[in-house]
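Notes follow once the structure below has been shown.
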Amino acid sequence: MTAHAGPRASRLRRWLVWTAGFLAFPIAGLAGTGVAGRVDSPLAALLGGAVAGLVIGLGQVLASLGRLDIRRWVAATGIGMGLGLLLGAVTVGYGTSLADLALMGALTGLVLGPAQALALPPGTRRRWLWAAAVPALWALGWTATTLGGIAVEEQFTVFGAYGAVTFSALSGLLLLRLLPDHPAAGSAAAPTPAPSEARA
């Protein structure tokens, strides 16, 4: 085994786990729709987006293997997605054509991306890349879901499994370049200081 095999295996594992986090998206969609119904009004977009964002944020924290702060990331994702979906859905008149959903996704990401970028750990390199990438990835997620034949006319709060896998796989590659290797403070994986260390 080469000296680089260990780090490479670790990075591959992190990417695979983050990609598997796509499972949070269908659950988030069910939660958002269950609370707010179809995205056909400003209130439904705001409330449904916020609920879906909270679930997605929690799923992403778990899939980050301790590299995202649960308090900052979940709150940022809930707020960013609620406001972003409100902006996107209202702009396209709650339309569900491919062009409408791609634009709605881009506008959702335009708010969500910067919100999440600010919630990345302090040691994150070039966090602005995340803010810039999320609008395109969110638009791609809706595009993949629509082309996959999902019944998007039901006005869901978030794209389905096809879009979720696409988003998670590509965003995971970006996170590998951005996130520090150590767990974030405030994450479940961050070590608790020993009493002697706390007093130091």
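Summary table
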read-out: Test: residue in segment 5-18 that is more than 19 Å from residue 96 (Cβ to Cβ) and buried (at least 20 other Cβ atoms within 10 Å of the Cβ); value: yes
read-out: Subset of segment 138-160 [within 18 Å of residue 39 (Cβ to Cβ) and either part of a helix (DSSP H, G or I) or among the aromatic types (Phe, Trp, Tyr) (or both)]; value: 138, 139, 141, 142, 143, 145, 146, 152, 153, 154, 156, 159
read-out: Whichever residue in segment 151-174 is among the hydrophobic types (A, V, I, L, M, F, W, C), surrounded by 13 or more Cβ atoms within 10 Å (Cβ to Cβ) and over 27 Å from residue 14 (Cα atoms) and, among such residues, is modelled with the highest pLDDT; value: 156
read-out: Pair list, Cβ < 6 Å and 6+ apart or interchain, from segment 167-180 residues that are free of Cβ contacts under 8 Å to residues at least 60 places away in the same chain to residues that are assigned to a helix (DSSP H, G or I) and surrounded by 14 or more Cβ atoms within 10 Å (Cβ to Cβ); value: 170/137; 174/133
read-out: Criterion (touching a helix residue (DSSP H, G or I) at 6+ places or on another chain (Cβ under 9 Å), in a helix (DSSP H, G or I) and surrounded by fewer than 18 Cβ atoms within 10 Å (Cβ to Cβ)) met by exactly one of 35, 55; value: 35
read-out: Members of segment 110-129 found to be in a loop (DSSP other than H, G, I, E, B) and either at negative phi or touching a Lys or Arg at 6+ places or on another chain (Cβ under 7 Å) (or both), listed by number; value: 120, 121, 122, 123, 124, 125, 127
read-out: Segment 175-190, subset crowded, with 16+ Cβ neighbours inside 10 Å and not in a loop (DSSP other than H, G, I, E, B), residue modelled with the highest pLDDT; value: 175
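The values are calculated or read from the model by the stated rules, or taken from the named source; none is laboratory data. Worth saying up front: this structure is predicted, and the values here are computed from it rather than measured. All Cβ positions, even for glycine, are placed from backbone atoms using ideal geometry, and neighbour counts span all protein chains on display.
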